[in-house]
Structures are given as C-alpha cells and as structure tokens.
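Have a look at the structure below, then the notes.
The values are calculated or read from the model by the stated rules, or taken from the named source; none is laboratory data. Quantities reported herein were computed from a predicted structural model and do not represent experimental measurements. No Cβ is skipped: glycine too gets one built from the backbone with ideal geometry, and neighbour counts run over all protein chains shown. For accessibility, only protein heavy atoms count, side chains too; no ligands or nucleic acids. Shrake-Rupley method; radii C 1.70, N 1.55, O 1.52, S 1.80 Å.
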Amino acid sequence: MTDTKAAIEQTADAALHITAKTIADAAIRIAPHTIQTPLMESPLLNKLLGIRLLVKAECLQHTGAFKLRGASNVIWSLGDTVKHVVAYSSGNHAQGVARAAASRGIKATIVMPEDAPANKVEGTRAFGAEIVFYDRYSQNREKIGEAITKTHNAELVRPYEDVRIIAGQGTVGHEIAAQCAAMNITPDALLCCCGGGGLIAGTSIAVKAAFPDIDIWSAEPAFYDDTKRSLESGTIQTADISKKSICDAIVTPQPGEMTFAINRKNLSGGAVVSDELALKAIATAFKYLKIIIEPGGAVALAAALDGQYPAGARTVIAVASGGNIDDQMFARALDAGAVI
C-alpha cells in the first residue's frame with residue numbers, strides 16, 4: 001500500500017468514527033455561540049406541492065449560514081496556545097471562522113477568491129479578519145492557505161475535511177431530529193446542499209441515528225454534481241471548475257475524502273439544480289416562508305420544488321443552508337418568480 005493511499009484510508013476511517021454522540025457533544029460546545037434555527041413549513045405550499053415540505057432555515061443562523069457551527073466547534077476545541085487561524089472560503093466559511101475566532105480573541109486570516117460576493121467579503125472583514133485574495137480559476141487556495149499557516153505558525157481551519165468541522169455541521173441534523181420528534185414527524189427524505197460535503201455528512205449521521213430508514217439526497221448545482229456522480233460510480237469524481245455558477249458557496253472541484261466516506265454510506269442519491277431553478281427557489285422561499293436564501297443555500301429547496309427527491313416520499317426536509325445574497329442577485333430571483 002502506498003503512503004498516499006494509506007493516508008486517504010486513515011482519513012476516511014477517522015470520518016467513519018463520527019457518531020451521533022460526537023455531534024451531540026459538539027452541539028453542547030457551540031451552543032453559546034450559535035442559535036437553533038427553525039424548521040419551517042407553509043401549509044399553502046404543501047397543498048400546492050402535494051407533499052409536506054419542511055425547511056431547515058440555516059439562513060437565519062448568525063453570519064447567515066450553517067458554517068458558523070463547524071467553525072465554532074473547531075475554534076472552541078483548540079488549545080490555549082493557538083493565537084492565529086487560517087481558512088480559505090468564498091464567504092460563508094470565511095465569516096464563520098472570522099466570527100468564531102473573534103469570539104475567542106484569536107486572529108483570523110482568510111483566503112478568498114477575487115470574485116467572492118461583496119457582502120461576504122464585507123461580512124468577513126466586519127469580524128476583524130485579514131483577507132488575502134486569489135484567482136479561483138488559476139490559483140490553488142489550499143496551497144495558499146497552507147503556506148500562510150506555515151509562515152505564521154497558525155492553525156488551518158479547513159472547510160470540510162476535518163472531523164471537528166463535520167461534527168459541528170452535523171448539529172444541523174441533531175436539531176432536525178429533535179424538532180421532528182417534538183412535532184411527532186417521521187420524515188421520509190432529506191435534501192441538503194453539497195459542496196465539499198461536510199454539512200450533509202454530519203447531518204446524515206445525526207438524522208439517520210434518529211430515523212434509520214430516511215432517504216438522504218445531495219443537492220448540487222449544474223456542472224458541479226461531483227458528489228452525485230461519485231455516489232453512482234463508487235469513486236470520487238471531479239467537476240469542471242471552469243464552468244460558471246451563481247451557487248458560489250458550493251462550487252467545489254470534488255468531494256472530500258472524509259466526507260465522501262460518510263456520504264457513500266448514508267446517501268442514496270442526488271439532485272442537480274440549474275441556476276434558473278435556484279433563482280426560482282429563492283423567490284419561492286420569500287413568497288411562502290418569508291425567508292431569504294442565497295443561490296447555493298437554495299439548491300435543496302429547489303430540488304424539492306422540482307420533484308427531485310426519493311420516489312414515494314411524502315414528508316420531505318430541505319436544508320436552506322445560507323442566506324448571504326447580494327441585492328442584485330436577490331432582484332434577479334424576484335424577477336425569475338416563484339416556482340408555483
């Protein structure tokens with residue numbers, strides 16, 4: 001066995017040791033720094049769709065996205081000697097790390113693409129982080145982040161390839177399970193956006209612990225359906241990162257080794273969403289649920305509205321993972337109009 005193959009297998013094995021208990025412990029750790037987001041529904045929308053659709057509104061989380069959960073779990077797991085953290089992100093992980101670091105008095109340096117949405121750049125700076133820009137189409141953010149980490153003897157907070165991140169994101173599923181139990185709901189299916197796969201990996205562990213028979217599907221942007229194709233082939237597939245997508249938060253080149261190890265075990269399929277459908281989902285969420293979602297955060301809802309979920313499912317959960325949308329994009333969504 002080669003050293004590289006052995007390292008990959010060890011990484012995957014570490015991910016498979018994340019349990020519902022790991023995630024419950026993370027929920028306790030991050031509770032002072034996050035909020036429990038609502039599980040929402042619209043009776044009118046349910047009637048029009050012919051299913052019961054519940055939307056986990058992570059767009060209402062501090063920083064406007066679920067990413068704060070994983071970032072907080074990492075930051076508040078660090079030893080007292082760590083005084084500087086580094087992350088790379090198009091915006092939501094950036095803001096999560098910046099806010100979590102500020103809450104503990106730790107310096108944060110964030111590597112962001114030059115074309116990151118202005119509101120996400122501003123939000124990251126607002127928490128006191130230093131930003132280093134790069135060209136996402138010609139430069140490698142991982143190498144840049146690792147170089148900065150080494151130069152400053154800092155801690156690198158990866159967006160999904162970290163047990164602590166996956167467990168932190170999994171608190172979304174931990175809350176969903178508790179909320180469903182409180183509402184006496186047994187969901188048939190759950191749809192969740194998927195970039196690197198950390199959110200859906202952690203969420204799947206927590207939700208399946210409570211509802212073993214639930215079907216879980218990834219939702220990805222057109223051209224970036226690498227997880228869906230990886231599930232179908234059984235091996236990690238890549239996306240063509242030269243393709244443009246408005247779903248900036250989840251346009252990753254391929255699934256992570258850790259996250260795919262979990263998702264291959266827990267997921268049964270995937271949905272693919274066009275930019276146009278994502279825009280319509282944003283308008284639909286605003287019309288029926290009175291919440292604002294960003295394009296990448298809308299793909300799970302978009303898939304549900306499009307009928308892309310396991311056959312026969314009558315109670316479907318869609319995770320609205322983020323709401324950091326700029327004025328121009330939101331205007332485009334309103335112009336596109338609701339799906340129904």
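Run the 1.4 Å probe and let me know the accessible area of residue 335, rounded to the nearest 10 Å².
About 130 Å², rounded to the nearest 10.
Nearest 500 deg cm²/dmol is fine: what mean residue ellipticity at 222 nm does the chain get from its DSSP H runs of n ≥ 4 alone, each adding -39,500 (n - 2.57), divided by its residue count?
Value at 222 nm, helices only: -14000 deg cm²/dmol.
Got a number for the accessible area of residue 258? Probe 1.4 Å, square angstrom, nearest 10.
My reading of the accessible area for residue 258 is about 20 Å².
Provide 241, 246 ordered by accessible surface of protein heavy atoms (probe 1.4 Å), highest first.
Working: 241 70, 246 25 Å².
From most accessible down to least: 241, 246.
Suppose each label sits 7 Å from its Cα in the direction of the beta carbon; what would the residue 276-residue 152 distance come out to in nanometres?
Each label point lies 7 Å from its Cα, and together they span 4.4 nm.
Using only alpha carbon pairs under 8 Å that are at least six residues apart, calculate the relative contact order of region 205-337 and give it in whole percent. Each step should come with its number before you reach the end.
Values: 210 pairs, mean separation 34.0, N = 133.
Averaging sequence separation for qualifying contacts and normalising by length gives 26 percent for region 205-337.
Rounded to whole Å and ordered largest first, report the semi-axes of the equivalent ellipsoid of region 288-327 derived from its Cα gyration tensor (root of 5λ).
Semi-axes (√(5λ), whole Å): 22, 10, 8.
Could you provide, to the nearest whole Å², the per residue accessible area of the chain with probe 1.4 Å?
Here the residues of the chain average 40 Å² of exposed surface.
Probe radius 1.4 Å, ligands and nucleic acids left out: which of 242, 89 has the largest accessible area, and how do the rest follow?
Largest accessible area first, the residues go 242, 89.
Taking amide H positions as placed 1.01 Å from N in the peptide plane, with prolines and chain starts having none, which residues 5 or more places from residue 108, or on another chain, fall under 5 Å of its amide H?
Distant-sequence amide H within range of residue 108: 85, 130.
Note down the accessible area of residue 25, probe 1.4 Å, to the nearest 10 Å².
In the full protein context, residue 25 sits at about 60 Å².
Name the shape class, rounded, prolate or oblate, that the alpha-carbon gyration tensor gives for region 190-284, where a ≥ b ≥ c are the square roots of its eigenvalues, rounded holds for a/c under 1.5, and otherwise prolate holds if a/b is larger than b/c and oblate otherwise.
It is oblate, given that a/c is not under 1.5 and a/b is not larger than b/c.
Distance in nm between label sites at residue 235 and residue 213, each 7 Å beyond Cα in the beta-carbon direction?
3.6
About its Cα centre, how strong a charge dipole does region 46-136 have in debye, to the nearest 20, once Lys and Arg get +1 and Asp and Glu get -1 at the Cβ?
Roughly 460 debye for region 46-136.
Under 12 Å from the Cβ of residue 231, count the other residues' Cβ atoms, weight Lys and Arg +1, Asp and Glu -1, and hand me the total. Intermediate values should be presented prior to the final figure.
Details: positive: 228, 229, 264, 265; negative: 220, 225, 226, 232.
Here the count lands on 0.
Counting other C-beta atoms within 10 Å, and keeping those with at most 14, which DSSP coil chymotrypsin sites (Phe, Trp or Tyr not before Pro) do you find in region 52-137?
Values: sites: 66, 76, 88, 127, 133, 134, 137; in loops: 66, 76, 127, 137.
When the chymotrypsin sites (Phe, Trp or Tyr not before Pro) of region 52-137 are filtered for loop state and at most 14 Cβ neighbours within 10 Å, 137 remain.
Express the carbon and sulfur contribution to the solvent-accessible surface of the chain as a percent, rounded to the nearest whole number, probe 1.4 angstrom.
Using a 1.4 Å probe with all protein chains present, the chain comes out at 51 percent carbon and sulfur.
Can you bin the chain into rounded, prolate or oblate? Criterion: square roots of the alpha carbon gyration tensor eigenvalues sorted a ≥ b ≥ c, rounded for a/c under 1.5, prolate for a/b above b/c, oblate for the rest.
Rounded.
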